[in-house]
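The values are calculated or read from the model by the stated rules, or taken from the named source; none is laboratory data. Just so it is clear, the model here is predicted, and its values are computed rather than measured. In this analysis, Cβ positions are derived from the backbone assuming ideal geometry, glycine residues included, and neighbour counts consider all displayed protein chains. Just the protein is used for accessible areas: all its heavy atoms, side chains included, with ligands, DNA and RNA removed. Shrake-Rupley method; radii C 1.70, N 1.55, O 1.52, S 1.80 Å.
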Amino acid sequence: MMISQARCFWEERLKNHNKTKADKILTMTKVCPDSPEMKAKSVCEAVAEPISADVSFASNRFPSYRLGPDDQIIDEPEEDEKGPSVKDVVDKETGDLSDQHKRLSVRDLACKFDKNLAAASKLVAEAKSNGVTSLEGHVMLKELRDALEAMRGRMDGRNKDSVEKAISMVESLAVTLTQHEGGIIQERFEVKKLASFLKQASEDAKKLINQERSFACAEIESARDLVMRLGGAFKEQELCFKASQDQGPNVKKLVEEVQEARRIRLMHQPTKVMGMKHELRDLKSQIEEKSAYSVKLQRGIGRIKRVEGSKSCPYVLDGAQSLGSCLRIRASSESASDVSKCSVQWYRAASESSRREAISGANRSVYAPEPYDVGRVIQADILSNDQRFTVATVGPINTAAGLQSRVETLLRKSNSEFTVVISQMNGQEHASRSHVFTVGKTRIKLSRGWITKAREIYSNSMQLCGVRDTANVPAKALFWQPRKGLSFLLTFESEQERNAAIVLSRKYAYDCSVTLVGPDD
């Protein structure tokens, strides 16, 4: 009876609201643990106070609640009548965008961006309406709490306790609503972020559409021009074909005349051409024979000159004319002075008759050719008793056997190490143990274990060549000046190792735009 009276009261009080909004307040009676009559009485007393008629309700009914332990309000799960949440929509749209990143057509991509932008705008509008709804919920809860506070002042005993419980439940509902608003604010932020992203993507898609449209228009114009040119060419060809058909008899006669002229030329010209070829071939063979005979004569004259010179020269040159050997000057007659008492100067020249180049520092009776001397003639001038005598090798210096393969093997390494002994240091005799002479692509290092004697990069102040002064084994010795004020005379284990070290050092130095030569070269 009391429930029906309360319903009638609410229908009269809220004439401007629909019936479903009044049912929300009636459902508040479900959270009261007392009897139905007491619940209805509490609600009737709560609504006795005037409530603003301007309050609007966002949904059709209040959410259902139940009391848990310690009189805490627990939301009852209810089915979502509005479909997926905003977060789910955002995740779904993001996944769809990543799938569409795989090259759709430009027009389809633009349509998708426009649709997603419209959806994002709709979500923003819904988020705003949710904000209005939450504000209305706060207003309604405040009105209800004020009504219950006014009612508590007029109640006593058990009814007052029920009113206080109702007030606590309203406060719990306000806290729950505030938490829900926090989630709505976060969803609204995500929706705005998605909307801005979709707006930018839509603008980019429109720019891409305009760009592709311009490209397509340019291609269409070029294709149209090509079609026009092809059409003109076809028309011109057709006109030429018609003209050739009109002049067919004349062209045929001209072709026959050309063929006859070719036949006549082939009948007479081949014999003349073949005769000229035979004459040229004979002349070429005669020239080759003459040049070979001239070379033999020059060699014979050179031998005769050397024999005559050797007869008149009291000195001779001993030693193999190849790398790894030593050239020694010795007296060939008893009347000749001792070589050690004579002044000697060694020279290198491209040939016997060409201009020769003095080898700086080579003024001893022994000289060990180095790789720079390969292919050149070595000569020596002996000054004895104010008389000058010249001795020379019979031919150019030959390379050593196996040196090329050894160098190619070492070039495959980044650094090549050689075992050496320091014979002299800064021109002074130096007795030492074996050291390691490391030739790298950018520098040379001389060390023994952890001790480094010298380490310098390739520079113009560095000098490296075969030994030109006194040495125990000249063919195995090498002169190296890392920098000014420091020089070494190094003895290798073999002649081949010494020559390979010189070739490698000069090759790497040349790659660094540096030329390694001897002193004063």
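Mind listing the long-range amide H neighbours of residue 465? Cut-off is under 5 Å, sequence gap 5 or more, other chains count too, H placed in the peptide plane at 1.01 Å from N.
479
Ignoring ligands, DNA and RNA, how do 276, 425 rank by accessible area with a 1.4 Å probe, largest first?
Values: 276 110, 425 55 Å².
Largest accessible area first, the residues go 276, 425.
If I model a spin label as a point 7 Å beyond the Cα along the Cα-Cβ vector, how far apart are those points for residue 218 and residue 142 in nm?
The answer from the label model is 6.3 nm.
Given a cut-off of 29 Å, name the pairs among 92/142; 453/507; 441/476; 142/199; 115/142 whose C-alpha atoms lie farther apart than that in the structure shown.
92/142; 142/199; 115/142
Using DSSP to call loops (not H, G, I, E or B), can you name the trypsin sites (Lys or Arg not before Pro) in the range 474-513 whose Cβ has at most 15 other Cβ atoms within 10 angstrom?
Numbers: sites: 476, 483, 484, 498, 506, 507; in loops: 484.
The qualifying sites are 484.
Per residue, what accessible area does the range 343-458 have, given a 1.4 Å probe and all protein chains present, in Å²? Intermediate results must be reported in sequence, preceding the final value.
Values: 6540 Å² over 116 residues.
Accessible area per residue: 56 Å².
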